[in-house]
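What follows is a set of notes on a single structure, which appears directly below.
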Amino acid sequence: MPLSTQLEAGEEQYVLIASLDNARNLSNILKAIQFKDHATFLATSNGIKVTVEDSKCLQANAFIQAEIFQEFSIQEDSVMFRVNLAVLLDCLTIFGGSAVPGVTTALKMCYNGYGYPLTLFLEEGGVVTVCKIKTQEPEETLDFDFCSTNVINKVILQSDSLREAFSELDMTSEVLQITMSPDKPYFRLSTFGNSGSAHCDYPKDSDMMEVFQCTQTQTNRYKMSLLKPSTKALSLSCKVSIRTDNRGFLSLQYMVRNDDGQICFIEYFCCPDEEVGEQEQ
C-alpha cells in the first residue's frame, strides 16, 4: 500500500497511528452512531472506542478492535480526543465511497497528541489526499454503570427478525415498551401510536432467538426518539443482544460484520422513560 511509505520520516512523533486498507470498514461503523455532531475517541492497545451521547439519556459506543487495522500503533496507555463526526465522515468518503468491486480507499489515521489535529491520509488509485481535522478537549463520557452482574434479562436475536418487527411497529408511538419474562409472552415489543396498540411477540424457542436468559418479568418503556438512532446499527448487524438491568436500563449490542468479514460491535445504552405498573401490562 503506497501509504505505508508516506510517513516514515515523521512517524515517531505520532502517539497514534491506525491504518486500514479499506476506509469503509471505519466509515460504515461511524455512520451507525452518527446522531450528534461530535464523537469522543478513546484509543488503547485493544483498539478504538468511539462514543456519541445525547442528553445524558442515550450513549452509543462503536468498538473497532486493534486487529481490524492493518497497522495499529499507540505510544501511550490511552489517547483521547473529540472531533466533529460529520466532518470526519466527509473526509473518509472524500473519494465518493466507491462501490466498484476491487476499488477501495486506503486510510492512514495519525494523531500527534493533545492540541494537534487528527490527520487522515487517504489513497485511492494512486491519488493521495491529506485531511487535517481540528480536535477538541474530550468531554467526560457518561458512565451508565451497566454491569453484567446486575443484568436481569438477556436475549440474543438474529437481526433480521428485529428489523422486521421495527418495520411492523407503529413509529408514531412516543415510546417502545419492552417486556421480558421467563413466562409468556417471553419477549414482547409494544407501541401505542395513532392507530392504537401494536405488539410483536417472540417465543423463547423461536428460530430467531439464539439466547434466552430471563429471570424475572420486566416491563420498561423507552423514548422512541432515543431508540431511532440505533436502527442504523440494526441495519448493518447480523445479531443483536438485548439486555436490561435491575434499574430498567437498556443495552442493545449489535454484532456487525465488515466488508472483510471481520466482527465489530456497536452498543447503545438507553435509560428507561418510565416505570410501568402491573395494571398497565
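The values are calculated or read from the model by the stated rules, or taken from the named source; none is laboratory data. Everything numeric in this text was worked out from a predicted model, so none of it was measured. Cβ sites come from the backbone with ideal geometry, for glycine too, and all protein chains shown count toward neighbours. SASA here: full protein model, heavy atoms, side chains in, ligands and nucleic acids out. Shrake-Rupley method; radii C 1.70, N 1.55, O 1.52, S 1.80 Å.
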Please specify each residue of segment 104-131 satisfying the condition of being out of contact with any Phe, Trp or Tyr (no Cβ under 7 Å at 6 or more places or on another chain) and open to solvent by 40 Å² or more (accessible area, probe 1.4 Å). Thr104, Tyr114, Gly115, Tyr116, Pro117, Gly125, Gly126, Val127
If you go through segment 148-203, how many residues are hydroxyl-bearing (Ser, Thr, Tyr), more than 18 Å from Leu250 (Cβ to Cβ) and part of a strand (DSSP E or B)? 1
Determine if segment 187-196 includes at least one residue that is open to solvent by less than 70 Å² (accessible area, probe 1.4 Å), among the aliphatic types (A, V, I, L, M) and under 20 Å from Ser55 (Cα atoms). no
Going by the conditions given, is Val79 open to solvent by less than 60 Å² (accessible area, probe 1.4 Å) and closer than 23 Å to Asn46 by Cβ? yes
Mind listing just one residue for me: the one in segment 40-67 that is under 16 Å from the mean Cα position of the chain (by Cα) and of a type in the set (Asp, Glu) and, of those, surrounded by the fewest Cβ atoms within 10 Å (Cβ to Cβ)? Asp54
Please go through segment 244-260 and pick out each residue that is open to solvent by 20 Å² or more (accessible area, probe 1.4 Å) and either modelled with pLDDT of 90 or more or closer than 18 Å to Asn153 by Cα (or both). Asn246, Arg247, Phe249, Gln253, Met255, Arg257
